[in-house]
Amino acid sequence: MASEYAPIDINQNPPTLKAMTDAVRKTRRRLVIEQNGKPVAYLVPAHRVVRRRTVGKKTVADIAAAWSTFGGWKDVDIDTFLADNAASRRLSSRPPVKL
């Protein structure tokens, strides 16, 4: 694999765990640990913490658009709205289940 680090045979050259983890952290590539020429383990780098994208500053137009939405429901009668909402929830829009 192109992203692998050079394999280390632990029988011929036993490195310390710190040296192996330092190599993985530095190169950001996985390390193949071999014993008698056969891979026995992989030491992989931890995933980087994904930072959230910073949202740009709100413009005056953004703030004005938000303020313009206030009062949009002022003409709606609350009692009528709640009654219509409750009635629509009682109606089933799904076909009956045939067992």
How many residues, within region 43-65, are more than 30 Å from T16 (Cα to Cα) and surrounded by 10 or more Cβ atoms within 10 Å (Cβ to Cβ)? 4
If R29 satisfies all but one of (1) among the charged types (D, E, K, R); (2) surrounded by 10 or more Cβ atoms within 10 Å (Cβ to Cβ); (3) over 15 Å from P7 (Cα atoms), what's the number of the condition it fails? (3)
Kindly provide the set of residues from region 17-61 that are in a loop (DSSP other than H, G, I, E, B) and either touching a Pro at 6+ places or on another chain (Cβ under 7 Å) or at pLDDT 80 or above (or both), ordered by number. R28, R29, N36, G37, V44, P45, A46, G56, K57, K58, T59
If you go through region 76-90 one residue at a time, do you hit one that is part of a loop (DSSP other than H, G, I, E, B), loosely packed, with under 10 Cβ neighbours inside 10 Å and modelled with pLDDT under 85? no
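The values are calculated or read from the model by the stated rules, or taken from the named source; none is laboratory data. Note that the structure is a prediction, hence the values are computed from the model and not measured. Counting neighbours? That spans all protein chains shown, and the Cβs are built from the backbone with ideal geometry, glycine included.
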